[in-house]
Each structure stands twice: as C-alpha cells, then as structure tokens.
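Before any comments, here is the structure.
Please treat every number below as a calculation from the coordinates, not as lab data. If you're wondering where the values come from, they're calculated on a predicted model, not measured in any experiment. Here Cβ is always computed from backbone atoms with ideal geometry, including for glycine, and neighbour counts include all displayed protein chains.
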Amino acid sequence: MDRKELQKHANNIRINIIKEVANANSGHPGGSLSAADIVTVLYFNVMDINKDNVGTRDRDRFVLSKGHASPLLYAVLAEKGFLPEEELLTFRKMKSRLQGHPDINELDGIDMSTGSLGQGISAAVGMAIANKLDGQGHRIYALLGDGECEEGQVWEAAMAAAHYKLDNLCAVIDHNHLQIDGDINDVIGPDPLDEKFRAFGWNVLCIDGHDYDAIEAAFNAAKECKGKPTCIVAETIKGKGVSFMENQAGWHGKAPDAELTKVALADLKGE
Amino acid sequence: MAKATREAYGETLAELIQKNPKIVVLDADLAESTHAAVAGRKAPERFFDMGISEANMIGTAAGFAASGYIPFASSFAMFCTGRVWEQIRNSVAYPHLNVKIVGSHSGITVGEDGVTHQAIEDIAIMRAITGLEVYVPCDQYETRAVIEYVASSTNPCYVRLGRSKVEDVFDADYKFDINKINVLRKGENVAIFCCGLMVQSSLEAAKLLEAEGVHATVVDVCSLKPADIDGITDILKSHEHIFTVEEHSITGGLGSLICEVASEKCPRIIHRIGMYGFGESGNYKELLKEYKLDGEGVYDQIKGYLGE
C-alpha cells in the first residue's frame, strides 16, 4: 500500500479515535493519536493479518502494551474490516465489546488484555517464545508508551527477551515525551530509552514515528535482525493531527466537548 | 512414607511434561527448591528460568497460555502470589488464561528464612481473584492428583505447596474427587476443617482428643476454590463444635471460607486456628510448637475452646 493510501487510513483512524472518545466522553486521545501512523503501517503493510486469519493464532500478533490507546486499536481493527465502524460508538459503554482497555476475550484481533502498564510486553515475550517452540515463524509486535517504560516489569521483560534471543519480537516505543503528570523527564526521566534497550541487548532503531517510509523500513530491518529482539524508538507528537491536542499532556486522558470535537474533526478533515 | 508436597509436584510434572508437549515450566531462580527443575530436566527445551523477575514470569506465562500452551509457573509462595498479585489478576485471571501458579515453601514452615519468606496471606489474596482456582493439597498423593487435574483443566489456578516432609494421609489407590472435601475420620459433635500441612496436625490432635473421649471429625479441604459448599454444609449441620486449622493467617483463608459458608448455609460459631500475626525465624518444628500449630498445639487450642 502506498504512502497516500496509508495516510488516508491513518487519517480515518484518527477521526474515529476522536469520535470514540468524544462519544464516550472518556478515554485517551493523546497517546492514541501519537501512535496512529505506526499502527497503520503495521496493520496495512507489515503484519500478516486479514479477515480470514484474524480469529486464529496462525498469524503475526500485536500486543497493545499501552492499553489505554484502545481507541487506536479499535479504530484500526474497524479500518481493517474486523468490526463494523458503527460499533466504535459503543466504546466504553455498558455491554460493549470495546472495553475501556482491551479485553482479549471480547473480539478477534485483540491479542492480549492490557491496561495495567508494563504487563503487555511480558505477554509478548511469552508469545514470542511459544512461537519459536511452535516453529511457526510469525512475528510478535508490542506497542509501549515511553512513560510505560518507567515500570520495572518492562525491564524484566527486556532482559528475558534478549536472553532468549527473541528475534521474532519487535517492540515499538511511542516516544511522545508526555505522561499524565507532564514531561516524562520532569516526572522521573526514563530517557535515554534507546541506550537503555541497547544496554539490555536489543537491536535498537530510532525513527520519526510519523514518517511512513521510515516506519516501514524499520519494521523490515527488524525482520532481518537475527539473534536479538528489536526495539523501535519512534519519535512522535502526542495528540498528532489535532491542533489543540498536540504536545499537550492535558489531552492524555480527556475527552473533547462538542465544540472542541468539531474543531478536532475539522483539523483532521483538513477543513 | 514421608515426602514434601513440592517433591511430589516435581515428580508429577516430570511425568506430565513428557506426555503433554503443550506443558511448559517457568521458574524464578528457585527451580531446585520448588522442584520445577525435576520436570525441566525431562524437557529442557520447555523449561524457562526467568531469573529473579516474578512479574515478568507471570506475564510470560500468560503469553504462553495465549498461544495455546499450559504454563506451570513456580516460585516460593510469597513471591509468586503477593509480589505479583496484580499481574495475576490482570494478565492471568481477567483474560482467563490457562496459567498454573504453583507456590512452594508456603506458611511458617519455610522456617529459618523468617517472616519475609513466610507466606501466610497467599490463600486470602489468591482466593479474592475472580476465576482463579485455589488448591492446598496435604500429602504427596493429593498433590499428584491436584497437579494431574489442573494440567488437564483449562482454568487458571494457584496450588499451594510446602517445604517440609509430610506423612502420607492417603495411599496410591485413593480415588480423589478434586473439588470435594475428604472426610479423613468420622467423629461426632466436633469437626475440624484443615488443609495442607495442618491435616497432619489435625489428625494428631484428633487422636489426642480421642484418648479423652472426644470424637472429632477431620475434614481435608484441598479445593478452597471452587469450594465444596454442599460437603462443607453437611459437616456444619451434623456437628456442634466447628474448628478450622490452617498454616495461614486466620484472615481470608480456610477459616474465612468456612465462616462464609456457615453464614449463608448453617450459622455456627467457628473457631479459627492459624496465624494471628507474623512468624519469626526458627526450625520449622519449633515454630509449629511455638505458634500452637503442631498436633499438641492444635489439641490444646481445641480443648481450650471446648472448655469455655
């Protein structure tokens, strides 16, 4: 899929993120928007996931370790045609399959229940070892927040992934520099994440997380790297695409009101 | 014959891992102590030492289960329950992943290591998690039956094992119904519910009581969750004096379970025998004596209550 089509999908995904969060009057737009380009490239140009195999384990898998970016996951699953787009408006409502944070048992295409930070990457480690035991040759992807890397469990998982030489595991850090309480380096300082992962024995690639070519090239380079897991540190803009949300920690976990929703959708529709 | 339940775990798992290619074994740097290593040596390609990283061990086990494997994740009871309670809740129980958590060295009988290593709250905190089964086998045969049962089930569970050797309660021919209570001796008026190592103490106490003309029923409750509500209710209905004995805090464990059942099915005064605070370092036999959890201690406590 070419850059123009990817952009179209990513933009539609961003529109749906805003609609989901605005309709629920709850949810996490900032970190969903920042990772939208990465996840779009992953689902449309990298992973072997389609309508026929989405309900099986015989495919690449994606663990949304930063589970609060659930609006993004649901939007991409809808964009792939795995769930009806109108169902996105049930997000965070009673009886919905689209729980506040993803539930593995609700929907094909949700590969792990996540939401408590630091835990998804461990599950991805288990999936990657299992995949090697099976000799299946599929790849396991995990998306983490940069703030999430403040969890000690992330580093336990990083150590294990390198020890077990999980070259079928690719973690992406959505490095948008903001967490709820502010700039990550004012809060507790998890940087430099690239050097930390390198020191833990990972192959590390640093890219612009909004450059489709760079994203795809990094995923391809990760596939070529043997004997160690790859971590892609993707520089991103929190709230990317919505003028008033960009680089604002305040939009980490807040829904826009009706007026601001109009502005956000107009931004994304280029109006 | 006397054998520790953790030894029976290692032996049973060593057999199962050779029969079932979907079983994987994880440990956190205590594999020789938990006896998980015994199984690991039979299938080294399916044994994973995760290092001293229990949170990641539980998460990795969840990932294995999400990929169709049956992971057994072992460590000391303290570190594979309390340290990782939230990982178990959110990465195992909520997604209902088929992870078998096996905690050895539970209770005060881990001994000399002292309070930091003496899990006396594990039953309480594991029992509180929706969908997680909890088993506390009392001897090698019951341990074998539990391990075989959980390996064949698709439910996540916690199995609590001990460090010290225990005398056989059952024999090799005993037919276990894992989710039913086992009435080990039938008495009248006095009933003692017990689990794990405290089955030994309760049986000894019952013998001492017998010599004084008090006939106690002794009930082994291995499956704390799901609990055999009907079986427990029958015992409550047919006895006047009810006791619970556990190598665990009196809050949240077997005693609490029996109180819960009694409150809904057959109100009774329940005397809970167990730990009323932290333990301390020491030889395990001396600790059991100090905290009145050996046969004589349990006998003394029951007699004390009966004399009131």
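Return the calculated 222 nm mean residue ellipticity for chain A, to the nearest 500 deg cm²/dmol, obtained by summing -39500 (n - 2.57) across DSSP H runs with n ≥ 4 and dividing by the residue count.
On the way: 10 runs with 106 residues, N = 271.
Mean residue ellipticity, 222 nm, calculated: -11500 deg cm²/dmol.
As a check on your grasp of the helix formula, calculate [θ] at 222 nm for chain B: sum -39500 (n - 2.57) over DSSP H runs of n ≥ 4, divide by the residue count, round to the nearest 500. Display every interim value, and only then the final one.
On the way: 11 runs with 110 residues, N = 308.
Calculated at 222 nm, the ellipticity per residue is -10500 deg cm²/dmol.
Output the pairs from B:207/B:289; B:3/B:225; A:93/A:254; A:4/A:80; B:186/B:292; A:132/A:196 with a Cα-Cα distance over 19 Å in this structure; if there are none, say none. Don't jump to the answer; show the numbers that get you there.
Details: B:207/B:289 17 Å; B:3/B:225 25 Å; A:93/A:254 16 Å; A:4/A:80 17 Å; B:186/B:292 24 Å; A:132/A:196 25 Å.
B:3/B:225; B:186/B:292; A:132/A:196, as the Cα separations exceed 19 Å there.
Mind checking which aspartates and glutamates have their Cα closer than 13 Å to the Cα of residue A:228? Skip sequence neighbours fewer than 8 apart in that chain.
Of all the aspartates and glutamates, those that pass the test against residue A:228 - Cα under 13 Å, at least 8 places apart if same chain - are A:167.
Give me the distance in nm between label points sitting 7 Å out from Cα along the Cα-to-Cβ direction at residue B:286 and residue B:215, one decimal.
Computed distance between label sites residue B:286 and residue B:215 equals 4.1 nm.
Could you tell me the calculated FRET efficiency between residue A:186 and residue A:211, based on Cβ-Cβ distance and R0 = 30 angstrom, to the nearest 0.05? If you can, show how the numbers build up before the last one.
Working: r = 27 Å, r/R0 = 0.90.
It comes out at approximately 0.65.
For residue B:225, list long-range residues whose amide hydrogen, built 1.01 Å from N in the peptide plane, is under 5 Å from its own amide hydrogen.
Here B:134 satisfy the definition.
Search the structure for amide H atoms under 5 Å from the amide H of residue A:60, placed 1.01 Å from N in the peptide plane, and list their residues when 5 or more places away or on another chain.
Answer set, sorted by chain and number: A:48, A:139.
Can you work out the Karplus-derived ³J(HN,Hα) for every residue in the range B:78-92? Use 6.51 cos²θ - 1.76 cosθ + 1.60 with θ = phi - 60°, whole Hz, and x for glycine or proline.
4, 8, 9, 10, x, 5, 10, 4, 6, 5, 5, 5, 8, 9, 10
If you restrict to DSSP beta bridges whose two residues both lie in the range B:182-307, what percentage is antiparallel, to the nearest 5? Don't skip to the end; give the middle numbers.
Working: 3 of 19 bridges.
DSSP beta bridges in the range B:182-307 are roughly 15 percent antiparallel.
Enumerate the amide H contacts of residue B:273 below 5 Å, restricted to partners 5 or more residues apart or on another chain; note that Pro and chain-start residues carry no placed amide H.
B:244, B:245, B:246
Of B:77, B:28, B:43, which has the largest mean-square fluctuation in a 10 Å C-alpha GNM of chain B?
Comparing B:77, B:28, B:43 in a Gaussian network model of chain B, the most mobile one is B:43.
Pick out which of B:274, B:68, B:103 has the largest mean-square fluctuation in a Gaussian network model of chain B, springs linking Cα atoms closer than 10 Å.
So, out of B:274, B:68, B:103, the one fluctuating most is B:68.
Please figure out what share of the DSSP beta bridges in chain B is antiparallel and state it in percent, rounded to the nearest 5. Before the final figure, lay out each step's value.
On the way: 8 of 45 bridges.
Around 20 percent antiparallel, to the nearest 5.
Calculate how steeply helix B:229-238 sits against the longest principal axis of the alpha-carbon atoms of chain B, using the helix alpha-carbon long axis, and give the answer as 0 to 90 degrees to the nearest 10.
10 degrees
Could you work out the relative contact order of chain B? I mean the mean sequence separation of Cα pairs under 8 Å and 6+ apart, divided by the number of residues, in percent.
Numbers: 729 pairs, mean separation 53.5, N = 308.
Rounded, it is 17 percent for chain B.
Before anything else, pin down the relative contact order of the range A:88-217: Cα pairs under 8 Å, at least 6 apart, normalised by residue count, whole percent.
Details: 150 pairs, mean separation 22.8, N = 130.
Relative contact order for the range A:88-217 comes out at 18 percent.
What is the helix-to-structure angle for A:120-134, meaning the angle in degrees between its Cα long axis and the longest Cα principal axis of chain A, kept from 0 to 90 and rounded to the nearest 10?
50 degrees
Which ³J(HN,Hα) values in Hz, rounded to whole numbers, follow from the phi angles of the range A:197-203 under the Karplus curve 6.51 cos²θ - 1.76 cosθ + 1.60, where θ = phi - 60° and Gly and Pro get x?
For the range A:197-203, the Karplus-derived couplings read 5, 4, 5, 7, x, 9, 7 Hz, x marking Gly and Pro.
For the Cα atoms of chain A, what angle does the longest principal axis make with the long axis of helix A:212-224, in degrees from 0 to 90, nearest 10?
With rounding to tens, the tilt is 20 degrees.
Please find the FRET efficiency linking residue A:85 to residue B:45, where r is the Cβ-Cβ separation and R0 is fixed at 41 Å, and quote it to the nearest 0.05. Write down the numbers at each step before the final one.
Numbers: r = 45 Å, r/R0 = 1.09.
After rounding, the FRET efficiency stands at 0.35.
Over chain A, calculate the relative contact order: mean separation of alpha carbon pairs under 8 Å at least 6 apart, over the residue count, as a percent. Kindly include the intermediate steps, with their values, before the conclusion.
On the way: 558 pairs, mean separation 65.7, N = 271.
Computed value for chain A: 24 percent relative contact order.
Charges at C-beta only: +1 for Lys and Arg, -1 for Asp and Glu. How large is the resulting dipole of the protein assembly as shown about its Cα centre, in Debye rounded to 20?
On the way: 57 positive and 84 negative charges, 205 e Å.
I would put it at about 980 debye.
Say we join alpha carbon atoms closer than 10 Å with springs in a Gaussian network model of chain B; which of B:232, B:88, B:52 then has the biggest fluctuation?
Of B:232, B:88, B:52, the Gaussian network model singles out B:52 as fluctuating most.
For the range A:62-79, in order, what is each residue's ³J(HN,Hα) by Karplus, 6.51 cos²θ - 1.76 cosθ + 1.60 with θ = phi - 60°, in whole Hz (x at glycine and Pro)?
Working through the residues one at a time gives 10, 10, 7, 5, 7, x, 5, 7, 4, x, 5, 4, 5, 5, 6, 5, 5, 5 Hz.
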